[in-house]
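Quick notes on the structure that follows.
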């Protein structure tokens, strides 16, 4: 559990560095279609936030949610506010967990109109979201490199040294 919590803090801090990098760009560059899984850097970043909301609000807490679309954001400041909202919710949920909570199993329907139910443990959700964010951060790095911009890559081992 201790390692999971560290990785969640690491990802939280890294997201903020990416928002700082986005702020140095024209908003149009954040929105530019680069042929990625969710077209633009902004949409990939937003997808990660929506994935957290899906797992932590919908699957774990059973709360229905409306998906936020990139078009509803005017600028990186709006994205920062949404990131703060999602991050606060996630970090509180993770901070409240105990080791025994990792085995708790949740049921959910992967498709809203499906009668199919899937079972997933809290541990699987937590680890999935670490993987999800790292995968998409790499994708954002590639989109920054396409523009000859060095991404604010934060290496986990360096972050550990700096945070201790």
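Each value in this text was obtained by applying a stated rule to the coordinates, not by laboratory testing. Treat the numbers as computed from the prediction; the structure is a model and nothing was measured. Cβ placement follows ideal geometry from the backbone for every residue including glycine, while neighbour counts extend to all protein chains displayed.
Couple of notes before you dig in:
- For the chain, the longest principal axis of the alpha carbon atoms and the long axis of helix 122-146 meet at an angle near 10°.
- Relative to the longest principal axis of the Cα atoms of the chain, the long axis of helix 76-95 lies at roughly 30 degrees.
- Crossing angle, helix 41-53 versus the chain [Cα axis fit, 0-90 degrees, rounded to tens]: 20 degrees
- Area projected by the alpha carbon convex hull of the stretch 8-163, averaged over all directions, nm²: 10.1 nm²
- Ordering 44, 120 from the fewest to the most neighbouring beta carbons within 10 Å gives 120, 44.
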